[in-house]
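Chemist: Just dropping this structure here.
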Amino acid sequence: FDEWREQKRLAEAGGAAVPKAPFNVEQRLLGWRVVRAAQIRRAGLDRGEDVGRVLRRLPAEDLSQVNLMYGPGGTGKSADIYEIVAICDRLALGRTLVTSYTGVAAAPFAGPMLLSLLNLNVTTKNAKTGMKFRPHYVQAMRNKFEAEAGFKAADLAVVIVDECSFADALMFGHLDWRLRV
């Protein structure tokens, strides 16, 4: 940080572009955990392993499928999200989807709203269990996902739910279930 601060001072004094600020420890740790999990997923899939087997490897590296980042506005959450997306793209780890319960939160990332992505409405979002889907509906869900996300669900490596406090546990259950289907 001290090195960056000096670079910033020199850039401002010389009228040059200010370098991007470094991430704090928490931001770096979250980014590392998400990207490392995506790397493990990509390597396993490249070896022909099924996703379930790959995901069972995460705890051996003290990693999880789910990570939580929270903090007040201005603490760098969005900057971390943009960096995770950029790194996953640069390393060809798979696609990163940024979604949110509200359109306002999803818009800066050009992401779909969660209910629309999952083809849920105010009634179906309250279902307490995962529904069994007929094959034609599964294909319709895949088509809907591709239309909303801009890529096939099979290419998905990382899902980021921005403003997750708007979504309840049922919503995350639906997200998990429908992505598995």
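Just so it is clear, none of the values below were taken in a lab; they were calculated from the coordinates. Just so it is clear, the structure is predicted and the values come from calculations on it, not from any experiment. Every residue, glycine as well, gets a Cβ built from its backbone with ideal geometry; the counts of neighbours run over all protein chains shown.
Chemist: Taking the Cα atoms only, what angle lies between the long axis of helix 77-90 and the longest principal axis of the chain, rounded to 10 degrees?
Modeler: So the helix axis and the longest Cα principal axis differ by about 80 degrees.
Chemist: Enumerate the amide H contacts of V159 below 5 Å, restricted to partners 5 or more residues apart or on another chain; note that Pro and chain-start residues carry no placed amide H.
Modeler: Under 5 Å from the amide H of V159 lie the amide H atoms of L97, each far enough along the sequence or on another chain.
Chemist: Here is a further query. Using alpha-carbon positions, what is the distance between the centroids of the range 63-82 and the range 1-44, in Å?
Modeler: If you average the Cα positions of each part, the centres end up 14 Å apart.
Chemist: Roughly how tilted is helix 169-180, in degrees to the nearest 10 and between 0 and 90, from the longest Cα axis of the chain?
Modeler: Roughly 80 degrees, rounded to the nearest 10.
Chemist: Now, a different point. Just tell me the longest site-free run in the chain, where the sites are chymotrypsin sites (Phe, Trp or Tyr not before Pro) in a DSSP loop having at most 10 other beta-carbon atoms within 10 Å.
Modeler: Free of exposed loop sites, the longest segment is 71-181.
Chemist: If I fit a long axis through the Cα atoms of helix 135-149 and take the longest principal axis of the Cα atoms of the chain, what angle between them do I get, 0 to 90°, rounded to 10?
Modeler: Around 20 degrees separate the two axes.
Chemist: Here's something else I'd like to know. Hey, what number do you get for the chain at 222 nm if only DSSP H runs of n ≥ 4 count, each worth -39500 (n - 2.57), divided across all residues, to the nearest 500?
Modeler: Computed ellipticity for the chain at 222 nm equals -15000 deg cm²/dmol.
Chemist: Within the range 7-106, which trypsin sites (Lys or Arg not before Pro) sit in a loop by DSSP and count at most 15 neighbouring Cβ atoms inside 10 Å?
Modeler: Qualifying residues, ordered by number: K20, R47, R56, R57.
Chemist: Of (i) 33, 20, 15; (ii) 23, 22, 15; (iii) 27, 17, 16, which one was derived for semi-axes √(5λ) of the Cα gyration tensor in Å from the structure shown?
Modeler: Checking each listed value against the structure points to (i).
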